[in-house]
Amino acid sequence: MSEDGKRRVAAFCDVDPKKIGSKYIYEAHRVPIVHFREAQPPFVLCVALGRTGGAFEANVTSLGLREGLDYYHFC
């Protein structure tokens with residue numbers, strides 16, 4: 001990812017209470033990890049589908065987001 005792209009990352013999302021509130025650190029960048037319900041669109045989702053027994057997909061659906069407008073999914 002370009003340096004400009006790295007600066008644009010506002011947060012990483014997770015559901016694991018052990019990770020929420022910490023920071024993801026890479027090179028000089030420190031990015032907070034927040035609960036997925038706290039994040040604001042637009043999102044970039046970089047997750048393989050079908051690995052959580054439907055939990056990930058249910059979380060995305062619960063937010064009422066529209067693919068291509070509120071989020072973009074890459075796997």
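Quick notes on this one:
- With respect to the conditions (1) under 25 Å from residue 3 (Cα atoms); (2) not assigned by TED's automatic domain parsing to the domain that holds residue 1, residue 24 lacks only one, and its number is (2).
- First in segment 9-34 and over 19 Å from residue 47 (Cα atoms), second anywhere and among the hydroxyl-bearing types (Ser, Thr, Tyr) and surrounded by 11 or more Cβ atoms within 10 Å (Cβ to Cβ), Cβ under 9 Å, 6 or more apart: 30/24
- Within segment 47-65, residues that are on the phi > 0 side of the Ramachandran plot have Cβ atoms under 9 Å from residues that are surrounded by 13 or more Cβ atoms within 10 Å (Cβ to Cβ) and assigned to a loop (DSSP other than H, G, I, E, B) in these pairs: 64/70, counting only partners at least 6 apart in sequence or on another chain.
- Yes/no for residue 51 being under 14 Å from the mean Cα position of the chain (by Cα), basic (Lys, Arg) and surrounded by fewer than 13 Cβ atoms within 10 Å (Cβ to Cβ): no
The values are calculated or read from the model by the stated rules, or taken from the named source; none is laboratory data. Keep in mind that what you see is a predicted model, and the values were worked out from it rather than measured. When we count neighbours, we look across all protein chains shown, and the Cβ atoms used for this are built from the backbone with ideal geometry, even at glycine.
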